[in-house]
Amino acid sequence: MSTDHSPSGQALGYVYQFDRATYRLFQSGIDVVEIGVEDIDDVSVHFHDGKETREQNKSTVNSGSPLSDRSVALWKTLHIWAETILATPSLLNTTELHLVTNGSLSSKCLARRINDAIDKE
């Protein structure tokens, strides 16, 4: 677990959110009503039909993975999403949850296995 809390790393994480929001903006269609930064998640996309995408962004300034199985950031994100879903189960009908990193993922880590899943089970 990294204990480096230097301002440059924190600033990069914040700037990364704007990078991702800009990407979402350029990818959006006419059905997108709003793209938020730091409103209901790091980046959120709100659609005309009430659906939304909530995106957690994890950046790194070194060659490591901010989403390894030992990553506090990964487990905090999963915990927050689990608590949100438990409080509002219907959220699963209208919301996609995305976890995005500029780092690499090992082939067997939990984040990679979730990404590679092909069915709900």
Out of (1) loosely packed, with under 14 Cβ neighbours inside 10 Å; (2) aliphatic (A, V, I, L, M); (3) closer than 21 Å to R20 by Cβ, the odd one out for L86 is which? (3)
Qualifying position, being open to solvent by less than 30 Å² (accessible area, probe 1.4 Å), of a type in the set (S, T, N, Q) and over 25 Å from S106 (Cα atoms), among S44, S28: S44
Kindly indicate which of L99, L67, L110, L105 is at pLDDT below 95 and open to solvent by less than 30 Å² (accessible area, probe 1.4 Å). L67
Can L78 be described as part of a helix (DSSP H, G or I), open to solvent by less than 60 Å² (accessible area, probe 1.4 Å) and without any contact (Cβ under 8 Å) to a residue 40 or more places away in the chain? yes
Hey, S59 within 18 Å of R113 (Cα to Cα), open to solvent by less than 50 Å² (accessible area, probe 1.4 Å) and not aromatic (F, W, Y) or not: no
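The values are calculated or read from the model by the stated rules, or taken from the named source; none is laboratory data. What you are looking at is a predicted structure, and each value in this text was computed from that prediction instead of being measured. All Cβ positions, even for glycine, are placed from backbone atoms using ideal geometry, and neighbour counts span all protein chains on display. Surface accessibility is based on the protein's heavy atoms, side chains included, excluding ligands, DNA and RNA. Shrake-Rupley method; radii C 1.70, N 1.55, O 1.52, S 1.80 Å.
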